[in-house]
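Worksheet: the structure to be examined is printed underneath.
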Amino acid sequence: METLLDFGIRLIASIQSLGDWQTLPMKFFSFLGTEEFYMLVLPILYWCFSTEMGLRVAVILMVSSGLNGALKDIFCGPRPYWISSQVTGLASETSFGVPSGHAQNAAAVWGIMAAWMKKRWAWVAAILVIFLIGYSRLYLAVHFPHDVLSGWLIGAILLIIVLVLWTPVVKWIRKFSPGFQILLAFFASIILLLVTSLPSIRLINIGWQAPPEWAAYATEAVSIDGFFTSAGTLFGLLAGVVWLRQLGGFKEKGVWWKLVLRYVLGVAGVLAIRYGLKFIFPESQDLLSWSLRDLRYALIGFWMSGAAPWVFLKLKLAEKPTPHASVN
């Protein structure tokens, strides 16, 4: 393992030696793999472009994020700048390193967008962005090469699984009543929560401590908050889709100013729920706080996929779709 880490340090040092001119563009590409970026883009996809693509992106992102957190807690890998002064940490990270969440989510999210668009240029663009996001994490010295490569591999496997199973699973789910569909969504979120949080719970139970040389950096290496975020958001998204579909859905297309107003109003709602309830709900490492975190993100998911489009319809910012169209 030390040989692998040493190789990674040498490679990252070589990449950084190419010049500081890389810093700004690499921070930009790294931003394309952050939660903040996805929060900005997902509403555009779902509210203004295609509910079908938006839902696929949201689901694969939630599953990938939860899975990535679990794998990090299994491998407990350090980050380059934590263990070596030969490289300069150009970004700050407090979680474990392997596999790279940026690389994994990029492969899953940008891959599923390219697959949905079914255009050669979309695949070329997606592969380029996926590569640059991974490369940026090396340059910033927050990931080793094996972190990025494993992230790409896991993201690609998850992408293939979702592409193969999406249509048959959706057809199977639609055989049931809306109430049972929401119950299935709840069970899916609980399964995601239980499966992904187990490695972290294990580390907590055994009293895991970071090695002294990088303990100061790994301040949030063992935390289950993110698993409640992914599970809650997934449930809210799926429940909102079922509810909106019963109302007849909405038409994503519209005049430009209505699309802008949708986005501004919708994002304002996301921010109000996220930060308003964060101010009200307690934030501690206990069951009540975790449950309220799950609820908060479930409400965010429900707002994005169901409540916000309903508001758009009421405010005449969107129209009902033609009878043959539906929310997937």
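Farthest toward the positive end of the dipole of the chain, out of Phe144, Gly77, Gln22, is the Cα of Gln22, where the dipole comes from beta carbon charges about the Cα centre. Computed about its Cα centre, the charge dipole of the stretch 205-328 is approximately 960 debye, with only Lys, Arg, Asp and Glu carrying charge at their Cβ.
Taking square-rooted eigenvalues a ≥ b ≥ c of the alpha carbon gyration tensor, is the stretch 133-218 rounded, prolate or oblate, where a/c under 1.5 means rounded and, failing that, a/b exceeding b/c means prolate? Because a/c hits 1.5 or more and a/b fails to exceed b/c, the stretch 133-218 counts as oblate. Taken about its Cα centre, the chain carries a charge dipole of roughly 1640 debye when the Cβ of each Lys and Arg holds +1 and the Cβ of each Asp and Glu holds -1. Computed on the stretch 13-58, the Cα convex hull volume stands at 93 Å³ per residue.
The orientation-averaged projected area of the convex hull spanned by the Cα atoms of the stretch 20-129 comes to 7.9 nm².
From the gyration tensor of the Cα coordinates in the stretch 74-124, what semi-axes in whole Å does the equivalent ellipsoid have, largest first, with each one equal to sqrt(5λ)? Don't skip to the answer; put the middle values down first.
Values: eigenvalues 203, 33, 11 Å².
In descending order the semi-axes read 32, 13, 7 Å.
Take the Cβ atoms of Ile190 and Thr23, set R0 to 30 Å, and the FRET efficiency comes out at 0.10.
Here's the picture: charge each Lys and Arg Cβ at +1 and each Asp and Glu Cβ at -1 in the stretch 109-177, and of Thr167, Ala114, Ser177 the one pushed furthest to the positive end of that dipole is Ser177.
The Cβ shell under 14 Å around Trp290 holds other residues with a net charge of -1, Lys and Arg each +1, Asp and Glu each -1. Within the chain, the ratio Rg/Rh, alpha carbon atoms throughout and Rh by Kirkwood, equals 0.98.
Starting from the stretch 172-231, pick out the trypsin sites (Lys or Arg not before Pro) whose DSSP state is loop and whose Cβ has at most 12 other Cβ atoms within 10 Å.
Of the trypsin sites (Lys or Arg not before Pro), the ones in loops of the stretch 172-231 whose Cβ has at most 12 other Cβ atoms within 10 Å are Lys175.
Taken over the alpha carbons of the stretch 265-320 as equal point scatterers, the Debye sum produces base-10 log I(q)/I(0) values at 0.13, 0.14, 0.16, 0.26 Å⁻¹ of -0.38, -0.43, -0.53, -0.96. With the charge dipole of the stretch 164-266 set up from +1 on Lys and Arg Cβ and -1 on Asp and Glu Cβ about the Cα centre, the Cα lying farthest toward the positive end among the listed residues Ala231, Leu261, Leu198 is that of Leu261. A convex hull fitted to the Cα coordinates of the stretch 214-328 yields 135 cubic angstrom per residue. If R0 equals 25 Å, the separation of the Cβ atoms of Arg274 and Leu247 corresponds to a calculated FRET efficiency of about 0.55. Listed peptides 180-187, 50-57 appear in the order 50-57, 180-187 once ranked by packing, highest mean of other Cβ atoms within 10 Å at the front. A Cβ-based charge dipole, computed about the Cα centre of the stretch 4-77 with Lys and Arg at +1 and Asp and Glu at -1, lands at about 80 debye.
What's the Kirkwood radius of the stretch 176-265 in Å, using all Cα pairs? About 16.5 Å, per the Kirkwood formula over Cα pairs. Pair-distance distribution of the stretch 114-259: all C-alpha pairs, bin width 5 Å, starting at 0; shares per bin in whole percent are 1, 7, 9, 12, 16, 16, 15, 11, 7, 3, 1, 0. For Lys320, list the aspartates and glutamates whose Cα falls under 14 Å from its own Cα; do not include residues on the same chain fewer than 8 positions away. Cα-Cα hits under 14 Å: Glu252.
What is the Cα radius of gyration of the stretch 63-199 over 2.2 N^0.38 Å, N being its residue count? List each step's numbers first, then the result.
Working: Rg = 17.4 Å, N = 137, 2.2 N^0.38 = 14.3 Å.
Ratio of Rg to 2.2 N^0.38 Å for the stretch 63-199: 1.22.
When the listed pairs Lys72/Lys119; Lys253/Lys314; Lys119/Lys316; Lys72/Lys118 are checked against a 24 Å cut-off, the alpha-carbon distance exceeds it for Lys72/Lys119; Lys119/Lys316; Lys72/Lys118. The distance separating the Cα centre of the stretch 264-328 from that of the stretch 1-32 comes to 37 Å.
Pairs of Cα atoms in the stretch 229-286 fall into 5 Å distance bins, from 0 up to the last occupied one, in shares of 4, 14, 13, 22, 22, 13, 7, 4, 2, 0 percent.
Every number here is computed from the coordinates shown, using simple stated rules; none is lab data. As the structure is a computational prediction, the values presented were derived from the model and not from experiment. All Cβ positions, even for glycine, are placed from backbone atoms using ideal geometry, and neighbour counts span all protein chains on display.
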